[in-house]
Amino acid sequence: GAGFVEGGPELIVHNFPMSGIAEASRTIRTNLLFMAPDHPFKTLLVTSAGPSEGKTTVACCIAIAMAQADQRVVLIDCDLRKPRVHRIFRKGSSVGVTTALLEESIDDAVIDTDIPNLSIIPAGPIPPNPAELFHSERFRKFLEQVQGKFDRVIIDSPPVVAVTDAVVLSTLVDGTMLVVRAFKTPKDLARHALRALVDVGATIA
């Protein structure tokens, strides 16, 4: 009904915890937590082959499901080309990933949401060279700081095929999730994305 439209599909796990989507998100959460019990996926990258395949929605759903399991979760918007996370949670993007890289601490960039246990780090002001930024030592230190403060880190990223950002990010996380949209994503494009990730040694969750 109206609540679904108002909150959008990204927040459905919070707004409608008994829905099929929420149930599916909890199933994915369980699978992620038990796939590698000895080395749990603390930091998870969510990407897709092309644009508009639902990766931000999936990232939000999984982040919320994990927060509901009493985990301290942060959702980071590393799509520095078309960031959306701040809008979904009705926050600004004047601080975020790009400003945190210039600071000693990440604290100013972390924003609480209305959802218990869930924080976000928006993209921040858009830089001219996102891919180079992810290659930097500063970004690695930023991720380390985030991992020190939260139980789970979910990263939303740009599509794999369009730009190199997601491929670079996949080498810095414990697991990468590739979102494929039914009846929309061409098989060849999905295979190409998967190959690009596997080629750099990404762990496909």
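Output the residues belonging to region 90-113 that are touching a residue at least 40 places away in the same chain (Cβ under 8 Å) and open to solvent by 10 Å² or more (accessible area, probe 1.4 Å).
LEU101, SER105
Restricting to region 57-85, what's the tally of residues that are open to solvent by 10 Å² or more (accessible area, probe 1.4 Å) and among the β-branched types (Val, Ile, Thr)?
The number of residues fulfilling the criteria is 2.
For region 33-56, give me each residue that is crowded, with 23+ Cβ neighbours inside 10 Å and either free of Cβ contacts under 8 Å to residues at least 24 places away in the same chain or over 25 Å from LYS187 (Cα atoms) (or both).
Selection gives nothing.
For region 169-189, state whether one or more residues are open to solvent by 70 Å² or more (accessible area, probe 1.4 Å) and part of a helix (DSSP H, G or I).
Yes, because at least one residue in region 169-189 is open to solvent by 70 Å² or more (accessible area, probe 1.4 Å) and part of a helix (DSSP H, G or I).
Taking the residues in region 147-168 that are open to solvent by less than 10 Å² (accessible area, probe 1.4 Å) and of a type outside the set (A, V, I, L, M, F, W, C) as candidates, determine which candidate is farthest from ARG29 (Cα to Cα).
Checked region 147-168; the qualifying residue farthest from ARG29 (Cα to Cα) is ASP165.
Is at least one residue of region 20-30 modelled with pLDDT under 85, buried (at least 16 other Cβ atoms within 10 Å of the Cβ) and assigned to a helix (DSSP H, G or I)?
no
The values are calculated or read from the model by the stated rules, or taken from the named source; none is laboratory data. These numbers come from a predicted model, not from an experiment. Positions of Cβ are generated from backbone atoms using ideal geometry, with glycine treated the same way; all protein chains shown enter the neighbour counts. The area values use the complete protein model at the heavy-atom level, side chains included, leaving out ligands, DNA and RNA. Shrake-Rupley method; radii C 1.70, N 1.55, O 1.52, S 1.80 Å.
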